[in-house]
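J.: What follows is a structure written as structure tokens; I'll ask about it next.
No value in this document is a laboratory result; all are computed from the given coordinates. Values in this document were obtained by computation on a predicted structure and should not be read as measured data. Here the Cβ positions follow ideal geometry from the backbone for every residue, glycine too, while neighbour counts run over all protein chains shown.
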Amino acid sequence: MTVGKVRPGTSAFRGVLWEATALVAAAMVFGFAYTAVTAKGLFARSGTAAKPAAPRVISYEEAKALYDRGGILFVDARPPFDFGLGHIKGAINLPLKDFSEAGQILELMQKDQPLVTYCDGEDCNSSVMLAAKLDSSGYKNVRVFFGGWKEWSARHQAVE
């Protein structure tokens, strides 16, 4: 079998061009069908319900003011070992990796209760991811203290 160049104007070129056009058309049909079935892309349903806002990142000053005011629950996203070494006084431990098995802890928290998630600090994103999971689980008032444990303890605030 000899592989040669396909020249425009030849019947071989027309065959290759027809096959390429058929493949592109089939891919477009399947792509549109997929987005229609999954309600994505052009076929996304725009409901009247407003999408909840993403959890807000707060500064140390805001976290301290909320803590001093009371009525807010600090949620430590770090592993239990780190939580045991020290945490914001009154905080509960809800490690990000254990979120799916945290039924008892989540039952203690009211959906409209103000929550502040935190972890080690700026090098740790667990607090952000935990806040997003809480938000998507229906918790309405979630904030993220991105400075976390490092900033809180460095400023000699209430710890356990």
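J.: Would you grab the residues whose amide H sits under 5 Å from the one on Phe74? Only those 5+ places off in sequence or on another chain, please, with H modelled 1.01 Å from N.
T.: So Phe74 has HN proximity to Ile92, Val116.
J.: Given H placed on each backbone N at 1.01 Å, which residues far from Ile58 in sequence or on other chains put an amide H within less than 5 Å of it?
T.: Sorted by chain and number, the residues that satisfy this are Val144, Phe145, Phe146.
J.: Show me, for the range 76-87, the HN-Hα J-couplings you get by feeding each phi into the Karplus relation (A = 6.51, B = -1.76, C = 1.60, θ = phi - 60°), rounded to Hz, glycine and proline as x.
T.: Per-residue couplings from phi come out as 8, 8, 6, x, x, 4, 5, 4, x, 6, x, 7 Hz.
J.: Using a cut-off of 15 Å between beta-carbons, work out the net charge of the residues near Trp149 (Lys and Arg +1, Asp and Glu -1, Trp149 not included).
T.: On the way: positive: Lys64, Arg78, Lys89, Lys150, Arg155; negative: Asp76, Asp82, Asp120, Glu122, Asp123, Glu151, Glu160.
The answer is -2.
J.: For Cys119, Cys124, which order do you get if you count the other beta carbons within 10 Å of each Cβ and list the fewest first?
T.: The order, fewest Cβ neighbours first, is Cys124, Cys119.
J.: Could you give each residue of the range 136-141 its phi-based ³J(HN,Hα) in whole Hz, using Karplus coefficients 6.51, -1.76, 1.60 with θ = phi - 60°, and x for Gly or Pro?
T.: Per residue, the Karplus-derived 3J(HN,Hα) values read 6, 8, x, 6, 8, 10 Hz.
J.: Got a sec? How would Leu73, Leu94 order by Cβ neighbour count within 10 Å, fewest to most?
T.: Numbers: Leu73 17, Leu94 23.
Sorted ascending by nearby Cβ count, the order is Leu73, Leu94.
J.: What is the range 56-154's relative contact order, in percent, from Cα pairs under 8 angstrom and six or more apart in sequence?
T.: Details: 164 pairs, mean separation 33.9, N = 99.
Averaging sequence separation for qualifying contacts and normalising by length gives 34 percent for the range 56-154.
J.: Points 7 angstrom from Cα along the Cβ direction at Asn125 and Glu160: gap in nanometres?
T.: Between Asn125 and Glu160, the simple spin-label model gives 3.0 nm.
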